[in-house]
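So the structure is just underneath, and the comments pick up after that.
Derivation of every value follows stated rules applied to the coordinates shown; laboratory data play no part. Bear in mind the structure is a predicted one, so any value in this text is a computation, not a measurement. A quick note on method: Cβ atoms are made from the backbone with ideal geometry, for glycine too, and the neighbour counts reach across all protein chains shown.
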Amino acid sequence: MGSISEVFQHLLNGLTLGGIYALIALGYTMVYGILKFINFAHGEILMVGAYVGMFAFDFLRGDMPYGPLMLVVFFIAMIIAMIISAVLGMAIEKIAYKPLRKATRLAPLLSAIGVSFILSNLAAYIWGTKSRKFDYPFDNTAYNIGGVAITPHQILILVVSMILMIGLKLYIDKTRMGKAMRATSLDQDVAALMGIDVNKVISLTFAIGSGLAATAGILVALDFKVYPTMGAMAGLKAFVAAVVGGIGNITGAMVGGILLGLLETFGVAVLGIPQGLKDTIAFGILIIILLVKPEGLLGKAEREKV
């Protein structure tokens, strides 16, 4: 594989990719933890967040040169994208999922697939199918540290993803609403009897997951541009990360995302898998996990109630 510096280079690349997967996977795992269904429109929320962030950033910065102020403007644009995506996530839950809570598990799943197609087609109709560049808020020239090249964009991904993941974990574990979310995920009926507003908890879950997806969308867009179908593959691979870690488990989604990023990066570097086939790594891992440990690395096997 090469020298030690090359190993650290692949490790860095894998961690940055894994950080993005983890942010997206958290949305899947939070919704599944409470409602026991997969929100397949999550990738499209990521796409909407990227568009909103790009438009907000372009509007706010004007002709501003690189500098600390531009970075502040970038984070303001990111917060705007998170808020709008959170509102969108809550609206989708109210319109497309809430009426189907008592239906069979297949009904909300099909509704989610329908919402994903509606969002991607609306984006193509409104903004066109041509990809757009999301400009860096800084000079992205790489620094060379001991033979390892690290860009400001990679530093941004690592810092933002780490802050958001730690913040979410503390929120879920330490706050009153976090405890309400955990109680609701265990049993909605019992949580309601204890005075917890289940509808409010579900709305908040969609809001948080959608906000994290918007952040991930912006971080991805800085390297890969913004276009209507950008959330499809990213969403699917983040879903794989959530399943690998243990769907419904917050820590599992973080571990699964980072592990998937590392396996993809080292799979290309060590096994010589062509770049065009690197997406097969994620789905190969999914098949293996489902065969060997269906509940995921940190998930718990559940017994079906008769």
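Some values worked out for this structure:
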{"quantity": "Volume in Å³ per residue [convex hull over Cα atoms, computed for segment 87-194]", "calculated": "202"}
{"quantity": "For segment 185-281, projected area of the alpha-carbon convex hull averaged over all directions, nm²", "calculated": "7.7"}
{"quantity": "Computed FRET value (nearest 0.05) for Asp173 with Asn140, which takes r as the C-beta separation and R₀ as 30 Å", "calculated": "0.25"}
{"quantity": "Average Cα contact separation per residue, the chain, under 8 Å, 6 or more apart, as relative contact order %", "calculated": "37"}
{"quantity": "Dipole moment magnitude, nearest 20 debye, segment 142-221 about Cα centre, only Lys, Arg, Asp, Glu C-beta charged", "calculated": "180"}
{"quantity": "Which listed pairs, of Lys133/Lys174; Lys179/Lys237; Lys130/Lys169, have C-alpha distances above 32 Å, in listed order", "calculated": "Lys133/Lys174; Lys130/Lys169"}
{"quantity": "Asp197-Lys102 FRET efficiency (beta carbon distance; Förster radius 22 Å; 0.05 resolution)", "calculated": "0.75"}
{"quantity": "Shape call, segment 1-155: gyration tensor on alpha carbons, a/c limit 1.5", "calculated": "oblate"}
{"quantity": "Fewest-first ranking of Arg105, Arg61, using other Cβ atoms within 10 Å as the exposure measure", "calculated": "Arg105, Arg61"}
{"quantity": "Among Val268, Val240, Val190: highest mean-square fluctuation, GNM of the chain, C-alpha pairs under 10 Å", "calculated": "Val190"}
{"quantity": "The chain, helix-only ellipticity at 222 nm - DSSP H runs n ≥ 4, -39,500 (n - 2.57), divided by all residues, nearest 500", "calculated": "-24500 deg cm²/dmol"}
{"quantity": "Charge dipole magnitude, Cβ of K and R +1, D and E -1 - the chain, Cα centre, debye nearest 20", "calculated": "820"}
{"quantity": "Intensity falloff of segment 158-220 expressed as log10 I(q)/I(0), Debye formula with alpha-carbon point scatterers, at q = 0.12, 0.17, 0.18, 0.26 Å⁻¹", "calculated": "-0.35, -0.63, -0.68, -1.07"}
{"quantity": "Longest site-free stretch - the chain; sites: GluC sites (Glu not before Pro), DSSP loop, at most 13 other Cβ within 10 Å", "calculated": "1-301"}
{"quantity": "Gaussian network model of the chain, springs between alpha carbon atoms under 10 Å - residue of Val244, Val292, Val220 with greatest fluctuation", "calculated": "Val292"}
